[in-house]
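Beneath this line is the structure, given in structure tokens, with notes to follow.
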Amino acid sequence: MPSSSTTLTFVRGLTEAVRIFVSAPKNLVGLDRFALQDYFASLGEKAFHARQLLQWVYQRGVTDFSEMTDLRLSLRQTLSEQAVIALPEVSRAQHSEDGTRKWLFRLADGNSIETVFIPEEDRGTLCISSQAGCMLTCSFCATARQGFSRNLSAGEIIGQLLLADRLLKQEGWGERPISNVVMMGMGEPLLNYDAVVSAMRLMLDDLSFGLSRRRVTLSTAGVVPAMDKLSEDCPVSLAVSLHAVRDAVRDELVPLNRKYPIDVLLGACRRFLRNDSRRRITFEYVMLSGINDSEEDAEVLVSLLRGIPSKINLIPFNPVPGVKYICSETEAIDRFRQRLISSGLTTITRRTRGADIAAACGQLAGAVQDRTHRSAKLAKTVT
Ligand code: SAH
């Protein structure tokens with residue numbers, strides 16, 4: 001039997017926990033139009049305030065409720081007491097020689113994630129993370145070596161866009177520095193489906209960033225059931241990390257292939273395009289010397305992609321500490337590309353950007369609290 005004083009302490013603790021939980025301000029970043037309408041309804045307020053709030057936060061970058069002048073004063077006060085517009089903190093900003101920016105953003109629980117901005121002549125692309133670490137164990141990727149901590153919330157995903165937009169404007173990049181978003185940072189976006197879809201809906205919403213769905217690209221290693229769902233729920237542009245044309249090789253590079261092998265994955269790609277004849281899928285193919293870069297591999301790739309409107313991005317392998325692969329020779333990449341082009345496939349070799357600050361594809365590695373202990377295990381095998 002617990003003593004009455006123990007019981008009393010327990011009850012007090014519980015009451016305090018409930019008080020903190022109930023009174024903790026709600027972060028409104030990441031709530032889409034409908035979730036915000038529900039939130040205002042819970043305050044006994046009209047739905048149209050959702051529209052006002054979205055415009056203030058995402059179009060004007062205002063995060064202080066007291067500046068939202070078309071909201072009535074008493075509502076501004078209620079919001080200041082009960083809600084926040086909280087963004088991640090910037091813990092490091094790096095500038096590459098080629099103009100690429102990489103930020104390390106610190107989240108409220110101590111995990112850090114990386115976000116990259118890639119300026120080009122006709123566009124500015126932001127590469128966003130969807131998870132702290134990654135559950136997949138692709139053998140050539142730096143994020144994989146960090147292990148996995150957790151999924152990001154919708155607020156932490158869209159927060160990267162909000163914060164990068166603000167930082168770039170402060171640097172003088174003009175009115176609309178970010179024209180494109182790619183979900184190609186840390187993590188597998190389709191293994192954090194709900195939060196990623198909510199965040200992408202905010203990117204597309206005219207009241208928010210208003211990006212067209214051609215300018216928002218989700219990249220996946222091939223989570224087939226979620227690809228089918230995505231084409232129904234939020235049909236943005238799709239990129240697929242193919243990387244090999246034979247299951248035995250792809251099993252090694254992208255172990256998810258053991259669950260969803262190449263023919264199953266390509267079936268999902270065909271279904272994804274079924275409802276929209278104007279679109280095509282981008283296939284990413286990392287060039288690894290002696291592994292997947294022969295002319296025969298190119299032949300097989302041509303036959304695999306027959307009938308799938310596609311664009312192929314050849315990615316020169318970016319070195320990752322502890323990873324044994326080496327990048328294909330320039331001539332091998334050119335030969336591979338020519339073979340695809342001569343079969344009518346649109347193929348580009350992705351220019352490596354930001355390599356001097358480890359911001360290139362597959363080099364993102366934040367600072368995650370690795371709950372899988374994978375990073376420690378890998379460190380042992382390397383030394
Ligand atoms: N998990 C998703 C999102 C990551 S996107 C996916 O797999 O698509 C990051 C892209 O960079 C993927 O195509 C990934 O396979 C590729 N990549 C990973 N490591 C790389 C490296 N070291 N060099 C070049 N590309 C790499």
If amide H atoms are modeled at 1.01 Å from N in the peptide plane, then the residues at a separation of 5 or more from residue 184, or on another chain, having amide H under 5 Å from its own are 128
Restricting to Cα pairs under 8 Å and 6 or more apart, the percent relative contact order of the chain works out to 17
Cysteines of the chain without any disulfide-compatible partner (other Cys Cβ under 4.7 Å) are 127, 134, 234, 269, 327, 361
The simple spin-label model distance between residue 294 and residue 194, using points 7 Å out along Cα→Cβ, in nm, is 4.7
Sorted by chain and then number, the residues having a modelled amide H within less than 5 Å of the amide H of residue 346, at least 5 places away or on another chain, are 312
Under the helix-only model (-39500 (n - 2.57) for each DSSP H run of 4 or more, divided by the residues of the chain), the mean residue ellipticity at 222 nm, to 500 deg cm²/dmol, is -11000 deg cm²/dmol
Treating only Lys and Arg (+1) and Asp and Glu (-1) as charged, each at its beta carbon, one finds that the range 237-354 has a dipole about its Cα centre, in Debye to the nearest 20, of 700
Charge dipole of the chain built from unit charges on the beta carbon (Lys, Arg +1; Asp, Glu -1), centred at mean Cα; most positive-end Cα among 43, 241, 62 is 43
Restricted to the range 89-381, the DSSP antiparallel beta bridge percent, nearest 5, is 45
Of 227, 200, 183, the most mobile residue in a GNM of the chain (C-alpha springs, cutoff 10 Å) is 227
Phi-derived 3J(HN,Hα) across the range 341-349 with the Karplus relation (6.51, -1.76, 1.60, θ = phi - 60°), rounded Hz, x for Gly and Pro, is 4, 5, 9, x, 8, 5, 9, 10, 9
By the C-alpha gyration tensor axes a ≥ b ≥ c (rounded if a/c is under 1.5, else prolate when a/b exceeds b/c, else oblate), the shape of the range 89-381 is rounded
For the range 170-175, Karplus-derived ³J(HN,Hα) couplings (6.51, -1.76, 1.60; θ = phi - 60°; whole Hz; x for glycine and proline) come out as 4, 7, x, 7, x, 5
Per GNM of the chain with C-alpha springs under 10 angstrom, the most fluctuating residue out of 276, 194, 38 is 276
Taking a straight Cα-to-Cα line shorter than 21 Å from residue 102, and setting aside same-chain lysines fewer than 8 residues away, one finds 169
Ranked output for segments 208-215, 239-246 by mean other Cβ atoms within 10 Å, highest leading, reads 239-246, 208-215
Sorting 352, 134, 302 by the position of each Cα along the dipole of the range 89-381 (Lys, Arg +1; Asp, Glu -1; all at Cβ), the one nearest the positive end of that ordering is 134
Net charge (Lys, Arg +1; Asp, Glu -1) of residues whose beta-carbon lies under 14 Å from that of residue 294, residue 294 excluded, is -4
On the formula 1/(1 + (r/R0)^6), with r taken between the Cβ atoms of residue 70 and residue 122 and R0 of 45 Å, the FRET efficiency rounded to 0.05 is 0.80
The range 24-84: relative contact order from alpha carbon pairs under 8 Å, six or more residues apart, as a whole percent, is 38
Looking only at aspartates and glutamates whose Cα falls under 12 Å of residue 259's and that sit 8 or more positions away or on another chain, we get 247, 251
Within the set 99, 172, 159, GNM on the chain using Cα springs under 10 Å gives the largest fluctuation to 172
Answer in debye to the nearest 20: the dipole magnitude of the range 186-238 about its Cα centre, from +1 Lys/Arg and -1 Asp/Glu charges placed on Cβ, is 200
Magnitude of the Cβ-charge dipole (Lys and Arg +1, Asp and Glu -1) of the range 24-84 about the Cα centre, nearest 20 debye, reported as 120
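Here, each number is a calculation from the coordinates, and none is a lab measurement. Because the structure is a prediction, the values reported are computed rather than measured. Glycine also receives a Cβ, built like all others from the backbone with ideal geometry; neighbour counts cover every protein chain displayed.
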